[in-house]
Amino acid sequence: MPDYEQDLIDVAWPYWECEAEIAKHFFAKATDEDHIFYLRAQLWKELHPVDGFFNGLHKELSKVVDMYPKVDRGIDRHDYHFLLLQLVQEFNHYVLLADIFEYLMGRPISPDDTNQLPEEKNLGDLRRSYVEQDDPLLNAAVGFTEGGGARLFREGKELSGSTVNEMTAKAMQTIYDDEQDHYMEQAKEAISHIRSDEDLQRMKDAIENISEQRVWMRAEMFRGAMTKQGIEEFIADNNLGTKGSHI
């Protein structure tokens, strides 16, 4: 059987690594004001993980309450438990990052402190455009791209020095531990839907489109970290096109 799993990773790799590079540049010179700006956007993402499947923590929590009477009566308890764990993890990520925001602001956080940036909205719209086609193959592509290979958190967990860096490193270590293996799990799900070269190409196209939009989302969030030209050159330089070159 062809190594479809590696094919999918190879497509996403330059974009994931570009997210990491943007974060690396950002954290190297970020002011408190820069941290506040990105946290407003990242906190919105944690509260509203809208990707075509999830529709914000509030709606998802309401949904699991309604699902509870159906556990082992049509809803598998293992699936239900997994969903609960996902929601707890997402909220814990919000808690950890909100603590950093409050430290920087010197006051309690309020609902008005988070905001959705335009490129994040574009990303959500793109994901939904695939999910709304009700195609299991495209749904799997969306799932595979979620989290960008945890590259932001891989970089953030290595920070040290200032109090805000130490707090960020602790938060991002937790998020990284939660999400680092997700793309491999999703890859196994994705390849189960590939039956032909045409299927593979459709999935690769969707993964590339979403992964590229994730890069522009991060570029806007980490304002000024890298230029548009620098981003495009980085992606081109890392798009080696060599099967099996990425692990």
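The values are calculated or read from the model by the stated rules, or taken from the named source; none is laboratory data. Every value quoted in this text rests on a predicted model; they were computed, and no experiment measured them. FYI the Cβ positions are ideal-geometry reconstructions off the backbone, even for glycines, and counts take in every protein chain you see.
For Q180, indicate whether it is under 22 Å from E17 (Cβ atoms), surrounded by fewer than 21 Cβ atoms within 10 Å (Cβ to Cβ) and under 14 Å from the mean Cα position of the chain (by Cα). Taking the combined requirement at face value, the residue satisfies it. Pairs are defined by a Cβ separation below 7 Å, a sequence spacing of at least 6 or placement on different chains, a first member in the range 132-149 that is more than 15 Å from H182 (Cβ to Cβ), and a second member that is at pLDDT 90 or above and aliphatic (A, V, I, L, M); the pairs so defined are L137/M203; L138/A206.
Test L87 against the criterion of being touching a residue at least 60 places away in the same chain (Cβ under 8 Å) and hydrophobic (A, V, I, L, M, F, W, C), and give yes or no. When the stated conditions are applied, L87 does not pass them. Just one of the listed residues (Q229, Q213, Q201) is modelled with pLDDT of 90 or more, under 27 Å from D3 (Cβ atoms) and more than 22 Å from the chain's Cα centre (by Cα), namely Q201. Criterion applied to D79, D72, D99 was being over 28 Å from A12 (Cα atoms), exposed (fewer than 13 other Cβ atoms within 10 Å of the Cβ) and acidic (D, E), and the one residue passing it is D72. If you filter the range 10-52 down to residues that are among the acidic types (D, E), touching a residue at least 40 places away in the same chain (Cβ under 8 Å) and assigned to a helix (DSSP H, G or I), you find that the one that is surrounded by the most Cβ atoms within 10 Å (Cβ to Cβ) is E19. Can you tell me which residues in the range 189-206 are surrounded by fewer than 23 Cβ atoms within 10 Å (Cβ to Cβ) and either in contact with a strand residue (DSSP E or B) (Cβ under 6 Å, 6 or more places away or on another chain) or closer than 20 Å to E19 by Cβ (or both)? Answer for the range 189-206, where residues must be surrounded by fewer than 23 Cβ atoms within 10 Å (Cβ to Cβ) and either in contact with a strand residue (DSSP E or B) (Cβ under 6 Å, 6 or more places away or on another chain) or closer than 20 Å to E19 by Cβ (or both): K204, D205.
Assess whether E60 counts as being farther than 28 Å from W13 by Cβ, part of a helix (DSSP H, G or I), charged (D, E, K, R) and under 21 Å from the mean Cα position of the chain (by Cα). Taking the combined requirement at face value, the residue satisfies it. The C-beta contact set for the range 164-191 (first residue modelled with pLDDT of 95 or more and part of a helix (DSSP H, G or I), second residue of a type in the set (V, I, T) and crowded, with 19+ Cβ neighbours inside 10 Å, distance under 8 angstrom, 6+ apart or interchain) comprises V164/I100; M167/I100; T168/I100; A171/I100.
Out of Y68, Y94, Y103, Y80, one residue alone is under 16 Å from H35 (Cα atoms), in a helix (DSSP H, G or I) and either out of contact with any helix residue (DSSP H, G or I) (no Cβ under 7 Å at 6 or more places or on another chain) or without any contact (Cβ under 8 Å) to a residue 60 or more places away in the chain (or both). It is Y94. Candidates G224, G230: the one that is on the phi > 0 side of the Ramachandran plot, surrounded by fewer than 19 Cβ atoms within 10 Å (Cβ to Cβ) and out of contact with any Pro (no Cβ under 6 Å at 6 or more places or on another chain) is G224.
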